[in-house]
Every structure is written in structure tokens, then in C-alpha cells.
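All remarks here apply to the structure that follows.
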Amino acid sequence: MNNTKIQLSFMMFLEYFIWGAWYVTMATYMVANLQASGSEASYAYTALAIATMVSPFLVGMVADRYFAAQKIMGVLHIVGALALYSMTLTTNTYVFIGVVLFYSLLYMPTIALSNSVAFSQMKDPGKEFPAVRMFGTIGWICAGLLIGYMAIEKTMNTFYIAAGASLLLGLFSFTLPNVPPKAKGDVSASQVLGTEAFVLFKNRSYLVFFISAILICIPLSFYYGFTNLYLHEAGMENAAGKMIYGQASEAIFILAIPLLLRRLGVKKMLLVGMAAWVLRYILFAYGNSGSNLWMLYTGIILHGVCYDFFFVTGYMYTDNRAGEKIKSAAQGLFTFATYGLGMVIGTWFSGIVADYYVANGVREWQSIWMVPVYIAAAVIIYFALAFHDKKPV
């Protein structure tokens, strides 16, 4: 592995270590320390999703037009470190949610920017990107192992760890390969807003993919928002540590993506990823910490198929369909669909579902988990019938 690949791999490691350090356990922290309800916990995830809708487009276009992508990343992560620390300074639920919103406006653009930095250094992203992106998965795993080992899921220490990693990545970003703005000429209003990436919608299959990405993120929001809390209430010890099995499977499957993508094609890869969501939530619905503990573990391990086959394939599909001048904007477009609009709808809806299925103060998790089963199944049917892009990635 050359020096550039090492740099990109470390960048991905820290990028996802930061996210994994606080995001997975946030609902558990809020319920334990802020006495938040299910809906209030979902509002924090909604704040992050709203930021995702707004920021990647704008910052992606700034990267394309005016400044080097790695320098923008550096500034955002340094300021983000201060925001993460600020989350520990309040016991008011809505002030906390406000800080989450502010931090998310800083962090979410860096996902698209980190992808742009990586893709710009690769001759064949289809073959090279999965191996580099795998270190992001390893970073998430290490965050989960650290938090689980230290037993700090309900404490503010998770935010301290994330803040330290954010500061480190902010400083490290200034050492990354230079990714100068590529686009030239006059800038129109549509370009400033990032809407020039909408040209991708002229491809009907990409539009179907985009809509499916939004809809499949409704089930995704149930997993991110409530799995850690569910596993705690189901009696699983060291839930954060056990959830890293999902990231371990992600690391394994991501290496297989280039081979599988060539053999299966985009459509089958995406369908398998969506089908895994249906199976996962059925396993969660009927699993428990007793005789059906294996169902909980299997549901967690399926994360590799759920995430890699849809989202990593989706990033690669988007990069392949984007022109050279709109790569950052195109990555922002996909981030908008996956962690923006779909998650806004999903986090709002999942909070309502989580509070609706409560009897005598106890959440009825089987009923809760069956809701995303039905949604994911509907998305599969729509995508299978409407997506027809046969161009290889």
C-alpha cells in the first residue's frame, strides 16, 4: 500500500470512528441522562438528517467551485470537535438537540468530501475504493469496541472521545492530497445551490434508485435510532460492543463488492441489500436474549449486507454516473437521499412508532420492528419493477 492509500485509509478510519463513537448510543444516552422519550430521541436523529439535507449540496459545490475539498474537511472537523464537546454541557433535551443540529451541519458534508478526496486519487474507483472505505468500517468497529469495553454507553465520555478524534482528523486533513476545485467559468444560481447535480435525474433508472434510496432509509432510521436501546431493554449485555459484529461483517462484505458487482450487476446488488433489511427486522421482531438470542446476533451481523450492498454500491453507482465537474455535488446528492430526506421522514416516523407501541411503560418491540419490514418489502417491489439500468459500474 503506497503512502497515498495509507493517508486515505486513515482518513476513512477517523471519519467513521467519530460517527460511531456517539451516534449509535445517542438514544440510550438521552433516555438515561436527559429522560428523553422515544419521540424526543428521534428528534435528535432528525436534526442530523435535516442537516444532511442542507449541507452536503452547498459544501460539495463549494469544494467543486472555490476551495480544496481536504481544506474544507479540516475546518469542519476542527469546529466539529468543539461542538461535540458542547453536547456534554447541557441537561436540557432540546438544547442538546440544537447542538446536535449544529454539529451535524459540520459533520455530514465531510462524508461526501471524504469520498471525493478518495475518488480523486484513484484510477479505478470500482476496484480501489472498497479497500479504502473498509478502514471506515474498521474505525466504526474500534469505536464500538472501545465504548463497550469501557462500559460508557450511557455517559458523556462517548462525546469526549468523538471530539478528540474530530480534532485529530481536522488537523490531519491538511496533510491529505490536494483536491483543487475542478469546475471553471461563471457560476449560476443553480450551481451555487448544487442543483446542477440534478442532471442525473434525466436517467430514469437513477431517479428510481434515488427514490428507493430515500424510502429504504426509513427502515434504516429504525436501526440507527433504536437498536442500541432495544438490545439494552432485551437484556443484552455490552450492546455497543455486540453491535460491532455488524461492522465486522461490513468490512468483510465490502471487500467482496468489486467481484460481486461485476457478477451480479447494480440491480441485483441493490435488491439483495434491501432484502437483507426485511430479514434483519424479522429477526429483531422475534429474537430475545434467551432461546432466540441467535436471532439478535444474526440480525446484527446482517448489517454488512444491508449497508454495503445498497449504500457502498450506491456511492459507486453515483460516482460512475456523474460527470467530472459534478462529482462532489453528485456525492452530496446521494448523501442527501440516504442520510437526509429519507432519514428526516424515517426518524420522525420511527419515533412515533416507538412511542405508539408502548403498554404500561414497556415498549412492544415485536410490533415496532415489523413496521420497517413492511416498508422495506414495498421498496423492493417498486425497485425491482422500475429499475432497468444495465450499464456496468
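Some values worked out for this structure:
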quantity	calculated
The listed residue being open to solvent by 10 Å² or more (accessible area, probe 1.4 Å), at pLDDT 90 or above, within 19 Å of the chain's Cα centre (by Cα) and within 14 Å of Leu113 (Cα to Cα), out of Leu76, Leu58	Leu76
Leu105 open to solvent by less than 20 Å² (accessible area, probe 1.4 Å) and in contact with a helix residue (DSSP H, G or I) (Cβ under 8 Å, 6 or more places away or on another chain)	no
Residues within the range 247-267 that are free of Cβ contacts under 8 Å to residues at least 60 places away in the same chain and surrounded by 20 or more Cβ atoms within 10 Å (Cβ to Cβ), tallied	2
Extreme residue, farthest from the chain's Cα centre (by Cα), among residues of the range 324-347 that are open to solvent by 20 Å² or more (accessible area, probe 1.4 Å), closer than 18 Å to Phe310 by Cβ and not β-branched (Val, Ile, Thr)	Leu341
Yes/no for Gly290 being without any contact (Cβ under 8 Å) to a residue 60 or more places away in the chain and open to solvent by less than 60 Å² (accessible area, probe 1.4 Å)	yes
Test for Val79: is it out of contact with any His (no Cβ under 9 Å at 6 or more places or on another chain), part of a loop (DSSP other than H, G, I, E, B) and closer than 16 Å to Ala163 by Cα	no
Sole exception among (1) more than 15 Å from Val117 (Cα to Cα); (2) over 20 Å from the mean Cα position of the chain (by Cα); (3) in a helix (DSSP H, G or I) for Gln35, by number	(3)
Qualifying residues in the range 120-134 (those that are open to solvent by 20 Å² or more (accessible area, probe 1.4 Å) and part of a helix (DSSP H, G or I)) - the one nearest to Glu250 (Cα to Cα)	Met134
Residue selected from the range 268-287 under the condition out of contact with any Cys (no Cβ under 7 Å at 6 or more places or on another chain) and aromatic (Phe, Trp, Tyr), by the criterion most open to solvent (accessible area, probe 1.4 Å)	Tyr286
Filter pass, Ile352 being β-branched (Val, Ile, Thr) and either under 16 Å from Leu231 (Cβ atoms) or open to solvent by 10 Å² or more (accessible area, probe 1.4 Å) (or both)	yes
Per-region count, the range 193-208, residues out of contact with any Leu (no Cβ under 7 Å at 6 or more places or on another chain) and either at pLDDT 70 or above or open to solvent by less than 80 Å² (accessible area, probe 1.4 Å) (or both)	10
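The values are calculated or read from the model by the stated rules, or taken from the named source; none is laboratory data. Computed from a prediction, not measured in an experiment: that's the story for all the values here. A quick note on method: Cβ atoms are made from the backbone with ideal geometry, for glycine too, and the neighbour counts reach across all protein chains shown. For the accessible areas, the whole protein counts, side chains as well, though only heavy atoms, and no ligand, DNA or RNA atoms are used. Shrake-Rupley method; radii C 1.70, N 1.55, O 1.52, S 1.80 Å.
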